[in-house]
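Here the structure comes first, spelled out in structure tokens, and everything after it is commentary.
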Amino acid sequence: MAANERKRILICDDSHLMLDMAKEALERAGYSVLVAQDFSQLANVQEGQSLDLILMDVQMPELYGDDVAMVLKEVRGVRTPIYLLSSLSAEELAERADEADVDGYICKRDGIDALVQKVKEILNDG
Amino acid sequence: MPGDAKPGGSLTDQMRTRFGPRFLETARARVRRSLELLGKPTETEKLVTELHSLAGEAAMLGLQSLSDTARKGEEQAKEWQKGSTTAALYCARSVRALSQQVEEFAASIDASVAAPLANADPGPSAEAAAGKPSPDTAAATDEAPRKVLIIDDSRLAGDHLCDALGSAGLDPRLATAREDALAELTQLGELCVALRSKAPRPVYIMLISGMSEPELARRAEEVEADGYVSKHVGIERVVEQVLAALQELAK
């Protein structure tokens, strides 16, 4: 698939290792992946980019991803689907996703295979 | 870890091969920072973040047991944040268990990365450690780990010091003692004499206390201890002093 045809995913997570693992796994699956480690980087990367999906970690130093997601949607008017990505339990993630009014969540607990599969389902590439 | 992996298919295996050594480096750094944060009750939020991140990173590589332990520690750290001192003790145990699990993973991937690394991936909450001696390399020799006996009436404090010294490559043992026994200076002096007479080889006796340094120095002199260190200097400095004392003993 040509680079400009690849769907673009933005991942925000404070863990550099987590970003590298998710980026590599999703790039192997044929996606173009952008990364951000904090809100400042996220704002820079997201601005002016055409994105197909945003994956947002929840527990980060000095900020919560669900709060950031709410700001993106309600203040910046971002229409790209936003999914929370966290090692919290599915129950807690579901509650946070609902409160933040984001599009859904993905549990890190399910592993990297499940992450890739879930992304494919979200983007209708399953 | 063998037998611990979720049946994650070939992608998980590939990622574990590709990122295993780096995960190990990161996990060791997170455990080390967590051990330090156990001694800082005002910074439990950072402890929660470290354990939460470790849980996620381990889960991505299918290390379910390690991830579960990190997650349990995270929950206990959150309870500690709310004021539960019991949760602090359980959190310390979880971090100690994590340390063991991380080393088990190290042993399972490759012997060439089994030795603790001096320069771990710092991550977003790292402290600059330039110039400081790394506890991980101080005891990395072919000899059996040096044994350290810790006598402390506080189980929590003793466990915490055990964890820190264990991470520095030493073999710590904890003996709790009745608070009234340790409070008696005469008995402390007798304890020091008994330890020296019963030990099969020369020992270095170091007093570790939360009392002021001048008072601690005075008591160390009275009981003829070889050295002392105040708990107020922080766990990293305590470990450095213990390692320095062992080096002096080895001369």
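Here, each number is a calculation from the coordinates, and none is a lab measurement. A quick note: this is a predicted structure, and the numbers were derived from the prediction, not measured. So basically every Cβ, Gly included, is an ideal-geometry build from the backbone, and we count neighbours across all protein chains shown.
Partner shielding of A:15-24 amounts to 6, given as the average count of beta-carbon atoms from other chains within 10 Å of each residue beta-carbon.
Note on residue B:226 and residue B:197: their simple-model spin labels are 1.9 nm apart, each label 7 Å out from Cα toward Cβ. Ordering of A:107-118, B:231-242, B:27-38 by packing is B:27-38, A:107-118, B:231-242, highest average first (other Cβ atoms within 10 Å, averaged per residue). Subtracting the Cα-Cα distance of residue B:147 and residue B:244 from their residue separation scaled by 0.36 nm leaves 33.5 nm.
Which shape class applies to the stretch A:40-101: rounded if a/c is under 1.5, otherwise prolate when a/b exceeds b/c and oblate if not, where a ≥ b ≥ c are the square roots of the Cα gyration tensor eigenvalues?
Judged from the Cα gyration tensor, the stretch A:40-101 comes out prolate (a/c at least 1.5, a/b above b/c).
Sort the stretch B:194-251 into rounded, prolate or oblate with this rule: let a ≥ b ≥ c be the square roots of the eigenvalues of the Cα gyration tensor; rounded if a/c is under 1.5, and if a/c is not under 1.5, prolate when a/b is larger than b/c, oblate otherwise. Oblate. Less than 5 angstrom separates the built amide H of residue B:171 from those of B:146, B:147, B:148, all sequence-distant by 5 or more or on a different chain. Determine the shape class of the stretch A:3-126: with a ≥ b ≥ c the square roots of the Cα gyration tensor eigenvalues, call it rounded for a/c under 1.5, and otherwise prolate if a/b is greater than b/c, oblate otherwise. It is rounded, given that a/c, with a ≥ b ≥ c, falls under 1.5. One decimal place: the segment residue B:100-residue B:85 gains 3.1 nm when fully extended, by the rule 0.36 nm per residue minus the C-alpha distance. For the peptide A:49-61, the mean number of other protein chain Cβ atoms found within 10 angstrom of a residue's Cβ is 2.
Per-residue 3J(HN,Hα) values for the stretch B:67-73, derived from phi via the Karplus relation 6.51 cos²θ - 1.76 cosθ + 1.60 with θ = phi - 60°, read 4, 5, 5, 5, 5, 4, x Hz in sequence order (x marks Gly and Pro). The residue A:125 and residue A:78 beta-carbon pair, evaluated with R₀ = 25 Å, returns a calculated FRET efficiency of approximately 0.70. Magnitude of the charge dipole for the stretch A:1-95, about its Cα centre and with charges confined to Cβ atoms of Lys, Arg (+1) and Asp, Glu (-1), is about 580 debye.
Take each residue in A:75-88, count the other chain C-beta atoms within 10 Å of its C-beta, and the mean is 2.
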